[in-house]
Amino acid sequence: MSKFKIIEDNILNIFASPLWTVNNIKAIPLNFQSEISGEYLRVEITHDMPRYNKYPGKMIVDIFAEVQKGTGRITQIADCLDSVFNKKNIELNNGNAVQFMDSALSYMGYSKDNPSYYRAIYSIEYNFFRSN
């Protein structure tokens, strides 16, 4: 398996773990092709040049919240993301680890695909440490 696939799978699996599922907010990968109802996250993992034993990159999360809930719901979801990722070191079951840095939040306005959703982008840099 390629290093990029390993990194993406490991980070996306955090959204399937109790660390995230307790928030009851769906998280889907960027390339997911299906109708989604209710608020959700769309997750993209980018990669930078490896340095020594670490693989840096950025996790970009599109937050989609229903317009009638207002921007306050966006910030609540961003705070949920921060509680899991912001300045956290997460040791994974396979011996790999991810160190997340500080996060940022940008409001993007109405979703171009569905104007009944408001969209924001949560982004956070990471370093992935592979055990083997």
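Just so it is clear, none of the values below were taken in a lab; they were calculated from the coordinates. This one's a predicted model, so the numbers in the text were calculated from it and none came from an experiment. Every residue, glycine among them, receives a Cβ derived from its backbone with ideal geometry; neighbour counts consider all protein chains shown.
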For the chain, with only Lys/Arg (+1) and Asp/Glu (-1) charged at the beta-carbon, what is the dipole magnitude about the Cα centre, in debye rounded to 20?
240
Work out, in µm²/s and without decimals, the Stokes-Einstein translational diffusion coefficient of region 39-85 at 37 °C, 0.692 mPa s, Rh from Kirkwood over C-alpha pairs.
264
Label residue 51 and residue 12 with points 7 Å out from Cα along Cα→Cβ: what is the distance between them in nm?
2.7
Kirkwood hydrodynamic radius of the chain, from inverse mean 1/r over distinct Cα pairs, in Å:
15.3
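Tell me the net charge near residue 43. Cut-off is 10 Å between Cβ atoms, residue 43 excluded, with +1 for each Lys or Arg and -1 for each Asp or Glu. Don't jump to the answer; show the numbers that get you there.
Details: positive: 42; negative: 8, 44, 62.
Cβ neighbours under 10 Å give a net charge of -2.
How much length would be gained if the chain were fully extended between residue 112 and residue 93, taking 0.36 nm per residue of separation minus their Cα-Cα distance, in nm to one decimal?
Length gained, residue 112 through residue 93: 3.0 nm.
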Which residues qualify? For residue 118, with a placed amide H closer than 5 Å and at least 5 residues away or on another chain, they are 65, 66, 67, 111
Could you give the angle, 0 to 90 degrees to the nearest 10, between helix 70-85's Cα long axis and the longest principal axis of the Cα atoms of the chain?
10
